[in-house]
1. Residues in the range B:78-111 near a label at B:ALA24, defined as backbone nitrogen under 13 Å from the 7 Å Cα→Cβ point?
2. What is the order of A:LEU32, A:LEU96, B:LEU73, fewest Cβ neighbours within 10 Å to most?
3. Taking every eigenvalue of the Cα gyration tensor of the protein assembly as shown, multiplying by 5 and rooting it, what semi-axes result, largest first, whole Å?
4. Would you mind computing, in nm to one decimal, how far apart the modelled labels at A:GLN17 and B:LYS42 are, each placed 7 Å from Cα along Cα→Cβ?
5. Taking the mean number of other Cβ atoms within 10 Å as a proxy for protection, how do you rank A:54-63, B:85-94 from highest to lowest?
6. Skipping prolines and chain starts, which residues have an amide H placed within reach, meaning under 5 Å, of the one on B:THR108, given they are 5 or more residues away or on another chain?
7. With bins 10 Å wide starting at 0, give me the P(r) of chain A over every alpha carbon pair, in whole percents.
8. Going by how many other Cβ atoms sit within 10 Å of their own, how do A:HIS29, A:HIS10 line up, fewest first?
Amino acid sequence: DAGVIQSPRHEVTEMGQEVTLRCKPISGHNSLFWYRQTMMRGLELLIYFNNNVPIDDSGMPEDRFSAKMPNASFSTLKIQPSEPRDSAVYFCASSLGQGAEAFFGQGTRLTVV
Amino acid sequence: GESVGLHLPTLSVQEGDNSIINCAYSNSASDYFIWYKQESGKGPQFIIDIRSNMDKRQGQRVTVLLNKTVKHLSLQIAATQPGDSAVYFCAEKRNNNDMRFGAGTRLTVKP
């Protein structure tokens with residue numbers, strides 16, 4: 001298995017532009033997580049899905065952020081409009097069942113200038 | 001709100017020594033506690049976990065200890081190797097699959 005696949009690996013965009021981050025979880029996993037990592041705030045849980053259903057999005061910083069999981073093999077995290085303070089590494093992770101280990105992707109490094 | 005591991009301390013050890021990384025948590029309702037290792041430029045990688053009804057669990061060269069009385073979690077690495085150098089995060093997982101991370105500890109292994 002190729003593991004959790006995120007794209008793009010790096011994204012540089014101008015303030016105000018829309019950014020879409022993509023994630024393909026491990027096949028068969030039923031939970032998917034989006035995290036944001038910065039030096040100041042560490043690893044923050046943004047949102048997670050169980051069986052494609054968003055369970056808790058209280059970590060999503062603002063209405064500019066939205067996440068979808070249209071099917072079990074794909075999820076997106078969208079930022080519209082993007083701002084410089086959104087610059088961070090965004091990780092997607094997936095797991096099977098409650099209590100199981102979560103597997104992380106390589107992350108997307110987002111830079112908003 | 002409740003959180004896990006509010007610090008980002010650093011730990012420097014000599015190759016071959018044992019390492020102990022500590023983490024404090026505040027949510028007594030968590031069901032699982034997990035340790036992750038993150039190397040530069042990579043995503044966190046699972047090391048070991050422990051259920052809340054246990055106080056010790058051992059893996060290969062690693063041991064996790066859970067003290068629910070003082071809400072403390074530790075990771076012990078035996079015979080630390082240069083490849084163990086990374087940032088280590090503790091995380092707590094609640095019954096609804098909500099997983100939150102602490103701030104992390106940077107481990108540096110000196111040859």
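Each reported figure results from applying straightforward, stated rules to the coordinates on display, with no laboratory input. Computed from a predicted structure; not experimentally measured. Positions of Cβ are backbone-derived with ideal geometry, glycine not excepted, and every protein chain shown enters the neighbour counts.
1. B:103
2. Details: A:LEU32 29, A:LEU96 15, B:LEU73 25.
Least crowded to most crowded, the residues run A:LEU96, B:LEU73, A:LEU32.
3. On the way: eigenvalues 173, 79, 51 Å².
Listed largest to smallest, the semi-axes of the protein assembly as shown are 29, 20, 16 Å.
4. 3.0
5. Details: A:54-63: 13.4, B:85-94: 22.1.
Peptide ranking by packing, descending: B:85-94, A:54-63.
6. B:LEU11, B:SER12, B:VAL13
7. 15, 51, 29, 5
8. In increasing order of surrounding Cβ atoms, one gets A:HIS10, A:HIS29.
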